[in-house]
1. Provide the gained length on full extension for the span residue 185 to residue 202, in nm with one decimal, where the gain is 0.36 nm per separating residue minus the Cα-Cα distance.
2. Normalising by the residue count of the stretch 126-212, find the relative contact order in percent from Cα pairs under 8 Å and 6+ residues apart.
3. Using a ≥ b ≥ c from the Cα gyration tensor of the stretch 112-212 (square roots of the eigenvalues), is it rounded, prolate or oblate, where a/c under 1.5 gives rounded and otherwise the larger of a/b and b/c decides, a/b for prolate?
4. In what order do 182, 194 fall by count of nearby beta-carbon atoms within 10 Å, going from fewest to most?
5. Where the centre of each part is set by its Cα atoms, how far does the stretch 151-202 sit from the stretch 51-126, in angstrom?
């Protein structure tokens, strides 16, 4: 399977849904860019007897948060961020820091070791690709966080930094899509085929412990 294929129909529909929501918020605010925090909200529901479902829900959340950072970098370029935009950016960055750290632990400490042990193949091509993806993503997040904090504190960004921020947020969206595609099309179905109820329950309890 091509690990770098184009976006799926589901992905395009999700992007379209977020864009439609964005335009509705703009209309309510007469063309301004407030209420972006509405796109970062929404507490995730956890069903610990379905850990794969939890991972998929986190994927949806991460996509929404990255979309917020990308939209604001694009739409607010060349001006000072509004108070609403600053709040949305801070919320998105904080949520991503928590969600992605916990998501990585869920996968690398609970899911992947069991998957490798049960398939007896060591690190598969997919898991290696996911690790490369994560390392690249970590570097981009550091750049995005630094640039946004500079924008918030200084009130503006240099044109070259603005372009860098737009590029990095776009890359984060793309890498997120690759990550989700590999996991939801290959890794998660494999886990669901081979894990028994006891294994699923043990993974769910570890997920619960990380959130207690």
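No value in this document is a laboratory result; all are computed from the given coordinates. Just so it is clear, the structure is predicted and the values come from calculations on it, not from any experiment. Cβ placement follows ideal geometry from the backbone for every residue including glycine, while neighbour counts extend to all protein chains displayed.
1. Roughly 3.8 nm would be gained on extension.
2. 35 percent.
3. Prolate is the answer for the stretch 112-212, as a/c is 1.5 or above and a/b outweighs b/c.
4. 194, 182
5. Between the Cα centres of the stretch 151-202 and the stretch 51-126 lies a distance of 5 Å.
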